1. Between the alpha-carbon centers of the stretch 3-26 and the stretch 39-109, tell me the distance in whole angstrom.
2. For the pair residue 1 and residue 181, what calculated FRET efficiency results from E = 1/(1 + (r/R0)^6), where r is the Cβ-Cβ distance and R0 = 22 Å, to the nearest 0.05?
3. Step through the table entries 43/230; 12/43; 93/146; 12/213, compare each Cα-Cα distance with 19 Å, and write down the pairs that go over it.
4. Where both residues lie in the chain, what percent of DSSP beta bridges are antiparallel, nearest 5?
5. Express in whole angstrom the spacing between the alpha-carbon centres of the stretch 218-233 and the stretch 130-162.
6. Pick out, in residue order, every one of the trypsin sites (Lys or Arg not before Pro) in the stretch 3-106 that is DSSP loop and has at most 15 other C-beta atoms within 10 Å; say none if there are none.
7. Using unit Cβ charges (K, R positive; D, E negative) and no other charged atoms, how large, in debye to the nearest 20, is the dipole of the chain about its Cα centre?
8. Would you mind giving the three semi-axes, in whole Å and largest first, of the ellipsoid equivalent to the chain according to its Cα gyration tensor?
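Nothing in this text is a laboratory measurement; each read-out follows from the coordinates by a stated rule. None of these values were measured; they are calculated from a predicted model. We place every Cβ from the backbone using ideal geometry, glycine too, and count neighbours over all the protein chains shown.
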Amino acid sequence: MSVILEVQNMDKHFSGLAAISQLDFSVVDSEILGLIGPNGAGKTTLFNVISGFFPPTTGRIFFHGTDITGLQAHEIVRLGITRTFQASTLFMKISVLENVFTGYHLSYTTRIWRRLLRTPSALEEERELRQRATKILDFMGLSSFKEELAANLPHGHQRILGVCMALATHPKLLLLDEPMTGMNAVETQTMIDLVRQIRERGITVVLVEHDMKAVMNLCDRIVVLNYGRKIAEGLPREISQNKDVVEAYLGKQGKK
């Protein structure tokens, strides 16, 4: 299997404080990689750096062998890396279908003036993109809600809708930031099944998640961060038995 993403010797500092320190790791094509660690371990900061929201202080990031360090967020999306967020980024006052349709804003080939004038070519491209949005909803199990306002969806469906919007950007690498937050057991299992189906479509997934049962069942490999440093990397069964991981994270969870 080929490496799709490589992070080399990355540091990220905020006002002199290290959020990420000397981080090296890679992501293999078509795998589901889990990224775990205590709150404040640097997981979301890492996603922000990879996706272009923050530049690294030092270090390099390679995607399919190309150095993408310092590129803007929209440039990285165009290359095929898309992320979701912990907090909802939905447009609550428009329909489910319209939310997914907004994910195609970088896909337009029709010139902006044609879209403003609603020319036949612009309308045809819009119809095509709406059809694609509908297919994503079908794939993710939300087609029956497509005309519903996003605000009216149950929490679990809102989390799925956020992933639908990310899929509309045609990602090759999907960064999921706590997609199962606030879900009950049934909703969590639905999300696990959907992430597996996404991978089956050839999309590589990196997953930040605190639900350890879900992580252990879903991920092919796991990277563990603590205070911005990688303290372990390996198969789920190896991570679950790693003394440093148990002390830093898994053991603390067990005491809650």
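1. Between the Cα centres of the stretch 3-26 and the stretch 39-109 lies a distance of 17 Å.
2. Between residue 181 and residue 1 the formula returns 0.15.
3. Beyond 19 Å: 12/213.
4. In the chain, DSSP labels about 55 percent of beta bridges as antiparallel.
5. If you average the Cα positions of each part, the centres end up 32 Å apart.
6. Of the trypsin sites (Lys or Arg not before Pro), the ones in loops of the stretch 3-106 whose Cβ has at most 15 other Cβ atoms within 10 Å are 93.
7. 340
8. Listed largest to smallest, the semi-axes of the chain are 33, 22, 15 Å.
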